[in-house]
């Protein structure tokens with residue numbers, strides 16, 4: 001059934017059909033509508049879950065981590081400063097191999113104070129051990145929540161699903177609904193082998209001597225590679241369930257392109273339109289959508305982009321003193337196969353237009369590789 005939902009409502013519906021037994025909630029703009037909708041589901045009896053109102057974002061993650069440690073599926077959501085407040089607990093959750101799923105309504109971080117969208121909040125957590133995917137529409141946001149539970153619970157790694165604050169979270173668009181019966185085979189009940197029990201007590205987060213700690217870090221690293229296979233299978237099998245197949249890197253008009261943009265999130269729609277305008281002007285340009293960020297799809301990126309003369313990476317998060325975070329990752333993945341240009345756009349919710357993207361395209365031809373180009 002197709003209906004009209006905001007991105008926040010789509011995320012809440014995606015979480016509902018996964019039937020989490022615990023939802024921890026702390027409001028922060030622009031994520032609040034997600035947990036409000038889940039509260040409505042619980043109040044109406046449409047979701048049988050323990051809805052726990054906590055005093056901070058740190059507590060929200062601690063609650064769902066504790067629930068998952070007991071073998072219970074759990075969900076939460078946050079944004080911006082709230083995600084930063086969780087930072088310590090992010091490491092504990094990944095190190096404990098707890099398959100928590102969390103939605104992030106991507107929003108700029110202070111200072112200065114800003115409530116609009118960029119990706120600095122989520123990308124600043126890239127090294128915590130969490131998987132990360134980005135949605136470019138409300139439909140994707142809903143679908144990726146379900147797939148995140150599936151992958152997280154098979155590889156025992158937590159996962160974040162990012163959707164652009166306000167641009168997606170508060171914008172309504174047509175969405176094809178999924179129902180619990182549609183996902184029963186795709187997402188079986190959670191079976192967490194390390195769940196805590198008073199019948200067989202053990203320590204979840206023990207103190208390890210250096211050799212064992214080193215081994216645990218190695219295992220966490222290796223299992224992110226295994227997680228890539230999990231995402232590939234989930235993308236493919238979701239196509240059979242819902243008729244919407246996904247990929248880590250999605251190409252648009254790349255076959256005959258000599259130059260391509262790389263973008264993620266809601267920016268993708270704007271860039272796709274800009275590509276069409278540039279094509280009308282005779283430019284051989286395409287678009288690569290980066291959907292899966294952690295684990296990073298190195299081989300898929302090379303396959304999609306290695307034949308190009310240039311890649312223009314549209315960054316909405318920075319590694320200060322270096323360049324855009326996506327640019328760093330793409331440059332590393334391509335390993336000199338083609339030049340990579342960092343184009344910083346839309347920090348703090350700054351407007352991005354098709355005409356502005358076209359302007360960046362023409363300006364980039366005059367800027368040497370390694371120079372950060374600002375919109």
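Residues that are in contact (Cβ under 8 Å) with a residue 40 or more places away in the chain and on the phi > 0 side of the Ramachandran plot were ranked within the stretch 323-369; the one that is surrounded by the most Cβ atoms within 10 Å (Cβ to Cβ) is 346.
Taking residue 204 as the residue in question, decide whether it is part of a loop (DSSP other than H, G, I, E, B), in contact (Cβ under 8 Å) with a residue 12 or more places away in the chain and under 18 Å from residue 77 (Cα atoms). Spelling it out, it is not the case that residue 204 is part of a loop (DSSP other than H, G, I, E, B), in contact (Cβ under 8 Å) with a residue 12 or more places away in the chain and under 18 Å from residue 77 (Cα atoms). Among the residues examined, residue 4 qualifies as surrounded by fewer than 18 Cβ atoms within 10 Å (Cβ to Cβ) and modelled with pLDDT of 95 or more.
Scanning the stretch 135-178 for residues that are assigned to a helix (DSSP H, G or I) and farther than 21 Å from residue 294 by Cβ gives 138, 139.
Tallying residues that are in a loop (DSSP other than H, G, I, E, B) and touching a helix residue (DSSP H, G or I) at 6+ places or on another chain (Cβ under 7 Å) within the stretch 327-352 yields 4.
Number of residues in the stretch 253-275 that are surrounded by fewer than 17 Cβ atoms within 10 Å (Cβ to Cβ) and over 14 Å from residue 361 (Cβ atoms) equals 3. You will find that of 308, 301, 312, the residue that is in a loop (DSSP other than H, G, I, E, B) and either within 22 Å of residue 351 (Cα to Cα) or not assigned by TED's automatic domain parsing to the domain that holds residue 145 (or both) is 308 and no other. Look at (1) within 24 Å of residue 130 (Cα to Cα); (2) part of a helix (DSSP H, G or I); (3) without any contact (Cβ under 8 Å) to a residue 24 or more places away in the chain and you find that residue 181 fails only one, number (1).
Of the residues screened, residue 36 is one that is in contact with a strand residue (DSSP E or B) (Cβ under 9 Å, 6 or more places away or on another chain) and surrounded by fewer than 17 Cβ atoms within 10 Å (Cβ to Cβ). Of the listed requirements (1) under 25 Å from the mean Cα position of the chain (by Cα); (2) part of a helix (DSSP H, G or I), residue 358 misses just one: (1).
For the stretch 306-322, taking the residues that are more than 21 Å from residue 366 (Cα to Cα) and under 21 Å from the mean Cα position of the chain (by Cα), the one that is surrounded by the most Cβ atoms within 10 Å (Cβ to Cβ) is identified as 316. Considering only residues in the stretch 229-250 that are in a helix (DSSP H, G or I) and in contact with a strand residue (DSSP E or B) (Cβ under 8 Å, 6 or more places away or on another chain), the one that is farthest from residue 265 (Cα to Cα) turns out to be 242. When 192, 221 are screened for being surrounded by 10 or more Cβ atoms within 10 Å (Cβ to Cβ) and not in a helix (DSSP H, G or I), only 192 passes. All told, residue 197 falls short of being within 14 Å of residue 11 (Cα to Cα) and either out of contact with any strand residue (DSSP E or B) (no Cβ under 8 Å at 6 or more places or on another chain) or surrounded by 13 or more Cβ atoms within 10 Å (Cβ to Cβ) (or both).
The values are calculated or read from the model by the stated rules, or taken from the named source; none is laboratory data. Just so we're clear, the structure is a prediction, and the values are computed from it rather than from any experiment. Here Cβ is always computed from backbone atoms with ideal geometry, including for glycine, and neighbour counts include all displayed protein chains.
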